[in-house]
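Report on one structure; see the data block that follows.
Each reported figure results from applying straightforward, stated rules to the coordinates on display, with no laboratory input. Because the structure is a prediction, the values reported are computed rather than measured. With ideal geometry, Cβ positions are generated from the backbone for all residues, glycine too; neighbour counts draw on all protein chains shown.
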């Protein structure tokens, strides 16, 4: 599924990929990606600091 809805992604997926401008920024377990992302850019997007 491709979505911009963070709640939907967290609810329906086991794994999540964060892409920005066609570049894969981060991929991993959905729970981990949303609660403890490895990349600052991912965290900034999830928390609404950009995007």
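Beta carbons within 10 angstrom, averaged per residue: use that to sort the peptides 27-34, 11-18, highest first.
Ranked from most to least packed, the peptides come out as 27-34, 11-18.
One quarter of the convex hull surface, Cα atoms only: what value does that give for the chain in nm²? Can you show the working numbers first?
On the way: hull surface 12.9 nm².
Projected over every direction and averaged, the Cα hull of the chain covers 3.2 nm².
At a threshold of 8 angstrom on Cα-Cα distance, excluding pairs fewer than six apart, so keeping six or more, what relative contact order does region 6-46 reach in percent? Don't skip to the answer; put the middle values down first.
Values: 41 pairs, mean separation 13.1, N = 41.
Reported as a whole number, the value is 32 percent.
With r defined as the distance between the Cβ atoms of residue 14 and residue 43 and R0 fixed at 30 Å, what FRET efficiency is calculated, to the nearest 0.05?
It comes out at approximately 0.90.
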